[in-house]
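Okay, so here's the structure we're looking at.
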Amino acid sequence: SQQNALADQCTAAEVQLANVQSQLEEAQEQVQSTLLEHDASRSEKHSILGEQSALQARVAGLCAERDGLVAEVTSLKEALDVRDGELCAQTSEADDRLQLVAAERDALQDQVAVLQAQVEEAQQ
């Protein structure tokens, strides 16, 4: 349950990371396009530079967001690994207890068989 929630969070963060990466690539393409347009006209130079600056700020923001999401995905994957380890240990412990109980059951069944044989022998 907790593991599924962590896995869902991890998947959601990975999807969000992919979206941010796509936005980042689009913004970088827009920056390149803006740089080419810069030479087109001196009268448009000021507005293009303003747009370029805004896009560069957006790229920087998206890079920071991407880095945060990469860190979150890494953290969630580590948490999943820890939880997997805990679950494996619990499963192993449960298997050991099950084998112990089965051995005790087998021993008791053997004792019952011996006692039944003794009862039958005593009745004869």
> How much accessible area per residue does the stretch 29-124 have, in Å², with a 1.4 Å probe?
Replying inline: 77
> Of all accessible surface on the chain at a 1.4 Å probe, what whole percent is carbon and sulfur?
Replying inline: 52
> FRET efficiency for residue 70 and residue 35, Cβ-Cβ distance as r, R0 = 35 Å, nearest 0.05?
Replying inline: 0.80
> Can you work out the FRET efficiency for the pair residue 53 and residue 9, with r the C-beta to C-beta distance and R0 = 30 Å, to the nearest 0.05?
Replying inline: 0.30
> What size of dipole, in debye to the nearest 20, comes out for the chain about its Cα centre when the only charges are +1 on Lys and Arg C-beta atoms and -1 on Asp and Glu C-beta atoms?
Replying inline: 680
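Mean separation of Cα pairs under 8 Å and 6+ residues apart, divided by the residue count of the chain: what relative contact order is that in percent?
Here the relative contact order equals 34 percent.
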> How large is the charge dipole for the stretch 52-124, taken about the Cα centre, if only the Cβ atoms of Lys, Arg (+1) and Asp, Glu (-1) carry charge, to the nearest 20 debye?
Replying inline: 680
> Looking at 7, 103, 74, which one has the Cα that reaches farthest to the positive end of the dipole of the chain (charges on Cβ: Lys, Arg +1; Asp, Glu -1)?
Replying inline: 74
> Rounded if a/c is under 1.5, else prolate if a/b beats b/c, else oblate: with a ≥ b ≥ c from the C-alpha gyration tensor eigenvalues square-rooted, which is the chain?
Replying inline: prolate
>> Based on alpha-carbon centroids, what's the gap between the stretch 1-22 and the stretch 101-116 in Å, whole number please?
In response: 52
> Which value in deg cm²/dmol, rounded to the nearest 500, describes the helix-derived mean residue ellipticity at 222 nm for the chain, given -39,500 (n - 2.57) per DSSP H run of n ≥ 4 and division by the residue count?
Replying inline: -35500 deg cm²/dmol
> Which of the listed residues, 85, 56, 115, is farthest toward the dipole's positive end in the chain, when Lys, Arg count +1 and Asp, Glu count -1 at the beta-carbon?
Replying inline: 56
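The values are calculated or read from the model by the stated rules, or taken from the named source; none is laboratory data. None of the values given here were measured: they were computed from a predicted structure. Using ideal geometry, Cβ is built from the backbone for each residue, glycine included, and neighbour counts are taken over all protein chains shown. What goes into the accessible areas is simple: the full protein's heavy atoms, side chains included, and nothing from ligands, DNA or RNA. Shrake-Rupley method; radii C 1.70, N 1.55, O 1.52, S 1.80 Å.
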